[in-house]
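The values are calculated or read from the model by the stated rules, or taken from the named source; none is laboratory data. All figures in this text were calculated on a predicted structure; none of them were measured in a lab. No Cβ is skipped: glycine too gets one built from the backbone with ideal geometry, and neighbour counts run over all protein chains shown. Surface areas here come from the heavy atoms of the whole protein model, side chains and all, with no ligands, DNA or RNA. Shrake-Rupley method; radii C 1.70, N 1.55, O 1.52, S 1.80 Å.
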Amino acid sequence: MATSSTPSTSTSPLPCLVLDYGGDQRATLFGVSDGAHRACGAEELRGKRAWPTSHGWVLACDPATAATFLWNPRAPPEAGGGRVLALPPLAQPSPPAESLRALSGRPTGAGGCTVVLVEPPHQSTVLCIPVPEGLCWCKRVISDLASCRGRFYYFHSATEYGVIDFPPAGPPAFGTVPMAKVPVEAVHGHGLHVPRGDRGELYKASVVPRRHDINSVASVAVHRMDFAFARKKPVRVRSIGDRAILAGSSSCFAGWCPAPEFGLQPNTVYWMSRKDKRLHVLDIGTGTDQVREPCKGVAERKKLGGDGPQTLSRADPCWMNATWTV
């Protein structure tokens, strides 16, 4: 179980999965450490479109007013305005819930941070928010976005990764760096980049389903993207120690979490599957798969004041992390 010092969203221990119904209805939170469902108690997010990030902060926008802000789920409710960092308003209509997103660093650190939001379906529009200077729109094809050491990385080709840099003045600079593609054992394999801030390194977690049963997992692997050395290739990591990786679909971020501190199993990947809507707890060392069902019993519920069912507004549940970066 999570310790008493575990931060929460007022009603659920972190990390948790967010089951979003949209509109003014409260989202449902699934606490990973205790397996319980709770209503989201964050009034700041009610009626907002929200994009949790791997850095712990949540990017949110009011669809009615375009008011945009970063929200810190770890700050207690009594912190008041200390939980919210205002951003320049997004254009109407708000970007889709499945948009990719990443922060360049700690929002409250010296110099602030840059927010990058990439819209589906083809990940071709990039919204850059250099906090607090303003907005910048760019047109690029981007997939699997992640940040590391203040730079943004994305998959570009089998031999290169795309890079977005933000100079002190002027528009963002787009370039590439050499990097071999992480080997995937099957066409239907899934992978997400995982920035680890304490080491300034970028990793990739990959999950491959079984050939004849896409709802079960054949293998899990973690690679370190070795940009710093001449070989420029992914290096297989056999253990991540007492850490856990939280991951999911392409629009669901991947992030790190210190496992014992937050009631998670160490050396594991917690993978929220888009296919079967189940949470797979994958041991990196042994490859074993423990399955949980965070959507069971809550995937549909009655509309408030109506007779029809209210379904999830997102394609997938998304993670809300417990820590800024570990």
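The single condition from (1) in contact with a strand residue (DSSP E or B) (Cβ under 6 Å, 6 or more places away or on another chain); (2) closer than 29 Å to R243 by Cα; (3) modelled with pLDDT of 80 or more that G150 fails is (1). Does T288 qualify as being over 23 Å from the mean Cα position of the chain (by Cα) and at pLDDT 80 or above? In short, yes. When restricted to residues that are touching a residue at least 24 places away in the same chain (Cβ under 8 Å), open to solvent by 50 Å² or more (accessible area, probe 1.4 Å) and either in contact with a helix residue (DSSP H, G or I) (Cβ under 9 Å, 6 or more places away or on another chain) or basic (K, R) (or both), the range 34-65 contains 2. Within the range 206-246, the set of residues being within 14 Å of K275 (Cα to Cα) and not in a loop (DSSP other than H, G, I, E, B) comprises V207, V208, P209, R210, D213, I214, N215, S216, V217. The residues of the range 89-120 that are among the basic types (K, R) and not in a loop (DSSP other than H, G, I, E, B) amount to a single one, R101. Looking across the range 54-76, the residues that are modelled with pLDDT under 85 and either more than 18 Å from the chain's Cα centre (by Cα) or hydroxyl-bearing (S, T, Y) (or both) come down to S54, A75, P76. Looking only at residues of the range 206-232 that are open to solvent by 20 Å² or more (accessible area, probe 1.4 Å) and at pLDDT 85 or above, we find that the one that is farthest from the chain's Cα centre (by Cα) is S219. Do we find a residue being closer than 21 Å to G248 by Cβ, at pLDDT below 75 and over 18 Å from the mean Cα position of the chain (by Cα) anywhere in the range 114-131? Looking for residues that are closer than 21 Å to G248 by Cβ, at pLDDT below 75 and over 18 Å from the mean Cα position of the chain (by Cα), one finds at least one in the range 114-131, hence yes.
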